[in-house]
Amino acid sequence: MTRLLNEYRSRIVPELQVKLGRKNAHAIPRLQKIVVSMGVGEAVQDRKRLDSAVDHLTMLSGQKPQICRARKSVSGFRLREGSPIGCRVTLRGSRMYEFLDRLITLALPRVRDFRGTNPRAFDGSGNYSFGLNEQLVFPEVDPETVTQTQGMNITFVTTARTDDEGRELLRALGIPFRAEET
């Protein structure tokens, strides 16, 4: 069992039971999955960009990403329907908790001028999304092999019913939220 999952079960669930006023431990919100995606628009002209993004996402997540293809043709972007334009990976279970642990303890502190993530980036159902500008914040990626930096979107899908419940869960798991300006 991963360190963060063990901490969730032993420390975070009892804290959230008290904070949310629920007696049943199964009524506490939990993390269902983490979706990490990279949009590689330059893959239309250069296939190597998509291959390097797939390699980096494989290193970061521990599993092979799914190639995302264009749904529509857009002549302004020289995009044809069905051409590969990105990749994504869905993490669940122990891989999800290992990725989250590495994100919180290793990657986010290495982001330049990091003051915390946006506390308002919830979707209304307790799910949270944010983006990173480059994949080099993860120690697994060797800067010598990177020719172009690539950003990524990270989405946390929770079982929370409201944004406040999701925020409390992610704060307890260790996501550093920025202090709100009043």
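The values are calculated or read from the model by the stated rules, or taken from the named source; none is laboratory data. Since the structure is predicted, the reported quantities are computational estimates derived from the model, not experimental observations. Note that we place each Cβ from the backbone using ideal geometry, even for glycine, and neighbour counts take in every protein chain shown.
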Determine the pairs where a residue that is under 24 Å from Gly166 (Cβ atoms) and without any contact (Cβ under 8 Å) to a residue 60 or more places away in the chain, located within the range 126-139, has a partner that is small (Gly, Ala, Ser) and surrounded by 19 or more Cβ atoms within 10 Å (Cβ to Cβ) with Cβ atoms under 7 Å apart, the partner being 6 or more residues away or on another chain.
-> Asn127/Gly166; Tyr128/Gly166; Val137/Ala107
The listed residue being over 19 Å from Tyr8 (Cβ atoms) and aromatic (Phe, Trp, Tyr), out of Phe156, Phe77 = Phe77
Residues of the range 10-34 classified as surrounded by fewer than 17 Cβ atoms within 10 Å (Cβ to Cβ) and in a strand (DSSP E or B), total | 2
Are any residues in the range 7-57 farther than 21 Å from Val157 by Cβ and of a type in the set (S, T, N, Q), and if so, which ones?
-> Ser10, Gln17, Asn24, Gln45, Ser52
Residue count, the range 40-58, condition touching a helix residue (DSSP H, G or I) at 6+ places or on another chain (Cβ under 9 Å) and either touching a residue at least 60 places away in the same chain (Cβ under 8 Å) or farther than 20 Å from Glu144 by Cα (or both), comes to 9
Within the range 56-145, strands (runs of 3 or more DSSP E) holding 3 or more residues that are buried (at least 18 other Cβ atoms within 10 Å of the Cβ) | 84-91
Look through the range 56-83, keep the residues that are in contact with a Pro (Cβ under 8 Å, 6 or more places away or on another chain) and at pLDDT 85 or above, and return whichever of them is nearest to Gln135 (Cα to Cα).
-> Leu57
Looking at the range 146-182, which of the residues that are within 21 Å of Thr105 (Cβ to Cβ) and among the polar types (S, T, N, Q) is surrounded by the fewest Cβ atoms within 10 Å (Cβ to Cβ)?
-> Asn153
